[in-house]
Amino acid sequence: MTHTARLALALLTSVALTGFAAPAFAQSGEVNIYSYREQSLLQPLLDRFTAESGVKVNVLYAGDGLLERVAAEGELSPADVVLTVDIGNLVGAEEQGLTQKITTPVLDERVPAEFRDDDDNWTALSLRARVFFVSKERVDATALTYDDITKPEWKGRLCTRPGDHAYNIGLIAQRIAATGLDATRTWLAAVRDNLAYPPSGNDREGVKNILAGTCDLSISNTYYMGVMLNNDAEPEQKEWANSARIIYPNAETDGTQVNVAGGFIAKYAPNVENANALIAFLLSDEAQSIYADTNYEFPVVPSVSPSELTLSWGTLKPASTPLAEIAAHRAEAAALVDELKFNEGAQN
């Protein structure tokens, strides 16, 4: 296939898959976003950005495959900004050469170094903590560490989603970065053997099973508490949430593991100036407060407070391990899950 034919194919693919006008020439006053974030979570932010800047926002929402799409579209991609979750996606995009340097000075001014790329190729936009939801009725402890749940008194009392899910891979990778591979292997095997049942479902299911009495402690992300407490469409989830309270692991020592929602500017972004303006807006006090109040996530900008509801769960002390270092251990974390047959549940 000739170079011209390849470009034509990429052009047709871009039109078919994105719905954006192509070729991806710069459109004055517009910015194109590829987003893994749900529309209900992101739209309030984008509405404010357009109202304040006058820049029209075009968004493609997808559950997966966006990084592959950007790579396939190459220099004809219309994507300016890609919004995603999990540090693995952000670092993976950089490693694949899909990013370019974010140039807005807001980045260095407002985001702590551990939550952005050393070369400004990506940044966190909000934080989510991997914590313990514990039964109000059956758990008296008010402080716990990640090591505490390996103890014999927790036998048959733990639950979580599958170990190879990105949320748990992030936690395991952070433990490797903090304590080493051998210590993490021992830790993960002990957690496995304290599980009430083989890992399954999602973070909400774990909290549901606390109410049912199937387990007493679920390893889950903080924001699910807010989502469930305010779920008018499925009011039974309010009952699940009200059966549990949150404990921030390692709050009194090295801090709680956090993962991120974040973003990057695509390598071939046709509207680079608007893309940088959008990143700057998403790091503003206003946008960070919207993240906090709408998504029950933690602002990545330290001067912005979490929502009142989130604050009622306690104070987050994030582990200081740089996100890039955590990402570097993700392959080892996944290998441990397989080696220990974590998803099969307790082995003794």
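Mean residue ellipticity at 222 nm, helices only, the chain: -12000 deg cm²/dmol; runs of at least 4 DSSP H residues each add -39,500 (n - 2.57), and the sum is divided by the number of residues. Go ahead and collect, in residue order, the members of the stretch 284-311 whose backbone nitrogen is under 19 Å from a label point 7 Å along the Cα-Cβ direction of Glu234. Backbone N within reach: 295-297. Work out the charge dipole of the chain with +1 on the Cβ of Lys and Arg and -1 on the Cβ of Asp and Glu about the Cα centre, then indicate which of Ile102, Trp240, Ala292 is farthest towards its positive end. So the residue furthest toward the plus end is Trp240.
Simple rule: put +1 on each Lys or Arg Cβ and -1 on each Asp or Glu Cβ in the chain, find the dipole, and look at Phe115, Val260, Leu195; the Cα lying farthest toward the positive end is Leu195. Where the centroid of each part is defined by its Cα atoms, how far is the stretch 135-177 from the stretch 286-348 in Å? Distance between centres, Cα-based: 13 Å. Put a dot 7 Å past the Cα of Glu75, heading toward its Cβ, do the same for Leu309, and the two dots end up 4.8 nm apart. A straight Cα-to-Cα reach below 21 Å connects Lys238 with the lysines Lys136, Lys208, residues fewer than 8 places away in its own chain not being considered. Amide H contacts of Leu60 (H built 1.01 Å from N, in plane; Pro and chain starts excluded): Ile33, Tyr34, Ser35 sit under 5 Å, all sequence-distant by 5 or more or on other chains. With R₀ set to 51 Å, the beta-carbon distance separating Glu339 from Ser28 gives a calculated FRET efficiency near 0.40. P(r) tail for the stretch 110-156: Cα pairs beyond 16 Å make up 59% of the total. Could you tell me which of Leu283, Thr84, Pro249 has its Cα farthest along the dipole of the chain towards the positive end, charges placed at Cβ (Lys, Arg +1; Asp, Glu -1), taken about the Cα centre? Farthest towards the positive end: Pro249. Derived scalar couplings between HN and Hα for the stretch 327-332 equal 4, 5, 9, 5, 5, 5 Hz in order, rounded to whole Hz, by the Karplus curve 6.51 cos²θ - 1.76 cosθ + 1.60 (θ = phi - 60°), x for Gly and Pro. Averaged over its residues, the chain has an accessible area of 41 Å² per residue, based on protein heavy atoms and a 1.4 Å probe. Taking a ≥ b ≥ c as the square roots of the eigenvalues of the alpha carbon gyration tensor, the stretch 244-348 is oblate, as a/c is not under 1.5 and a/b does not beat b/c. A simple rule links phi to the HN-Hα coupling: the Karplus curve 6.51 cos²θ - 1.76 cosθ + 1.60 with θ = phi - 60°, which for the stretch 133-138 gives 8, 10, 5, 5, 7, 10 Hz, with x for Gly and Pro.
By DSSP, what percent of the beta bridges with both residues in the chain are antiparallel, rounded to the nearest 5?
Antiparallel bridges make up about 65 percent of those DSSP assigns within the chain.
Between [x] 64, 45, 37; [y] 62, 45, 43; [z] 80, 50, 49, which matches Cα extents along the principal axes in Å calculated for the structure shown? The value computed from this structure is option [x]. Length available on full extension from Tyr61 to Asp164: 0.36 nm per residue minus the Cα-Cα distance, which gives 34.7 nm. Distance distribution P(r), the stretch 143-299, all Cα-Cα pairs, bin width 5 angstrom from 0: 2, 8, 14, 18, 18, 14, 10, 8, 5, 3, 1, 0 percent. Scalar couplings 3J(HN,Hα) for the stretch 296-309, obtained by applying the Karplus form with A = 6.51, B = -1.76, C = 1.60 to θ = phi - 60°, are 6, 9, 9, x, 7, 7, x, 6, 9, 7, x, 5, 4, 5 Hz; x denotes Gly and Pro. Shape analysis of the stretch 56-167 places it in the prolate category; the axes a ≥ b ≥ c from the Cα gyration tensor give an a/c of at least 1.5, with a/b above b/c.
The apolar share of the surface of the stretch 163-287, taken as the fraction of accessible area on carbon and sulfur atoms (1.4 Å probe, ligands and nucleic acids excluded), comes to 48 percent. Taking amide H atoms as placed 1.01 Å from N in the peptide plane, the amide H of Thr256 lies under 5 Å from those of Lys317, Ala319, each 5 or more residues away in sequence or on another chain. GNM on the chain, alpha-carbon springs under 10 angstrom: the most fluctuating residue among Asn168, Asn295, Asn58 is Asn58.
Remark: the stretch 242-323 carries a charge dipole of roughly 240 debye about the Cα centre, counting +1 on each Lys and Arg Cβ and -1 on each Asp and Glu Cβ.
The values are calculated or read from the model by the stated rules, or taken from the named source; none is laboratory data. Given the structure is predicted, the values throughout are model-derived calculations rather than measurements. All Cβ positions, glycine included, derive from the backbone under ideal geometry; neighbour counts span all protein chains shown. Ligands, DNA and RNA are stripped out before the accessible areas are found, and what is left, the full protein with its side chains, is counted by its heavy atoms. Shrake-Rupley method; radii C 1.70, N 1.55, O 1.52, S 1.80 Å.
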